[in-house]
Amino acid sequence: MSNTKKMIMEVCAENGITCLSLSRGYILRMTKNGQSRHVYGNFWDLNSAAADRLACDKCGCYALLNASGIPALAHTLVFNSINRGEWTGDDGTLLSALEFFEKHKRKIVVKPNKGTQGRDVFLCETPLAVEQALMTIFTTEPDAALSPYVNIRTEYRVFYLAGRAYFIYGKKRGKSWKFNLVSGATAFEVTDIHLIDDLTSMALRAARCIGINFATIDIAKLSDGTLAIVEINSGVMANRLIDQLPHLRPKIKSLFAEAIDRLFSQKRIAGVVGLQV
């Protein structure tokens with residue numbers, strides 16, 4: 001059982017909440033005083049359907065952040081012509097992806113538009129690599145996201161709950177060019193107060209922009225020192241973080257305890273208002 005699931009079940013046991021594990025632990029059904037709430041995978045019953053979908057849609061989330069003046073790494077959508085042929089037109093072809101590749105100095109990132117944990121994310125430096133990346137993604141996905149490659153110095157993750165940046169940690173790359181802990185990146189605690197303030201401010205603006213209540217928000221520090229949103233994750237987990245920094249377990253458990261409390265209280269839907277950025 002994952003660290004995240006164990007902590008949820010511990011919090012439930014400590015607070016008189018019945019927790020039923022279903023579908024091999026992928027669904028947790030929590031019941032208290034006749035009310036039931038759920039965690040589905042890493043997705044909590046705290047966000048609206050629209051906010052959840054926006055967070056999972058890299059291109060859609062970027063479009064909204066960009067329209068609201070919030071710095072974010074650009075994502076451009078391309079459709080799989082096989083199962084979304086009615087949407088593709090000139091913008092969904094391999095040709096448009098290759099034009100994007102040439103426009104951005106022949107170095108781009110191609111990824112599933114709704115992917116997680118760095119799976120099927122490709123750094124492409126040749127036209128063939130772009131084509132192969134899209135072919136791989138389109139075997140299972142209806143669309144893909146294209147991004148210009150940018151030099152990221154450090155990436156940070158903000159645990160956000162109901163208007164508060166609860167905890168922030170940083171990620172240093174390992175041998176891979178990716179910053180995912182599952183890909184070999186190393187987690188570290190952030191202690192710089194000014195940096196924490198800047199990351200908190202940006203995370204709160206991003207969360208309010210899409211109206212999300214519970215999320216982790218990834219923010220990149222670029223080579224020029226500026227900050228930009230990488231993505232917003234409506235699925236909240238801490239498995240690899242706790243594997244690397246086990247002394248943080250009580251802090252993350254307290255976050256989950258607060259989230260579970262909100263599931264069963266009037267605080268369940270936080271006062272996050274759409275486009276107040």
Contour minus Cα-Cα span, GLN35 to SER2, at 0.36 nm per residue, comes to 9.4 nm
Karplus (6.51, -1.76, 1.60) ³J(HN,Hα), θ = phi - 60°, over the stretch 177-187, in Hz, Gly and Pro reported as x
7, 7, 9, 6, 4, 5, 9, x, 5, 10, 8
Using the alpha-carbon centroid of each, what span in Å lies between the stretch 125-164 and the stretch 16-55?
27 Å
Of LEU22, LEU64, LEU222, the one that fluctuates the most in a GNM where the chain has Cα springs shorter than 10 Å:
LEU22
First compute the accessible area of the chain with a 1.4 Å probe, then give the percent of it belonging to carbon and sulfur atoms.
52 percent
At what distance in nm do the modelled label points of THR126 and LYS103 sit from each other, each positioned 7 Å from its Cα along Cα→Cβ?
2.5 nm
Hey, any idea what the orientation-averaged projected area of the convex hull of the chain's Cα atoms comes to, in nm²?
15.5 nm²
If I take R0 = 30 Å and measure r between the Cβ atoms of TYR149 and LEU248 in this structure, what FRET efficiency does the formula 1/(1 + (r/R0)^6) give, to the nearest 0.05?
0.45
Mind checking which of TRP177, ALA165, ASN213 is farthest towards the positive end of the stretch 163-221's charge dipole, using Cβ charges of +1 (Lys, Arg) and -1 (Asp, Glu) about the Cα centre?
TRP177
Read phi for every residue in the stretch 205-218 and hand back ³J(HN,Hα) as whole Hz from Karplus 6.51 cos²θ - 1.76 cosθ + 1.60, θ = phi - 60°, with x for Gly and Pro.
4, 5, 5, 5, 4, 9, x, 9, 9, 9, 6, 10, 10, 8
When the label point is put 7 Å from the Cα of TYR26 along its Cα-to-beta-carbon vector, which residues of the stretch 102-141 have a backbone N closer than 18 Å?
114-117, 119, 140-141
Applying a 4.7 angstrom Cβ cut-off across the chain, unpaired cysteine residues come out as CYS56, CYS59, CYS61, CYS124, CYS209
Would you mind checking the tilt of helix 127-138 against the longest principal axis of the Cα atoms of the chain, expressed as 0 to 90 degrees and rounded to 10?
40 degrees
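Provide the per residue accessible area, probe 1.4 Å, for the chain, rounded to a whole number of square angstrom.
Values: 13450 Å² over 277 residues.
Heavy-atom SASA per residue in the chain reads 49 Å².
The values are calculated or read from the model by the stated rules, or taken from the named source; none is laboratory data. What you are looking at is a predicted structure, and each value in this text was computed from that prediction instead of being measured. Cβ coordinates were reconstructed from backbone atoms using ideal geometry, including for glycine residues, and neighbour counts include every protein chain displayed. Surface areas here come from the heavy atoms of the whole protein model, side chains and all, with no ligands, DNA or RNA. Shrake-Rupley method; radii C 1.70, N 1.55, O 1.52, S 1.80 Å.
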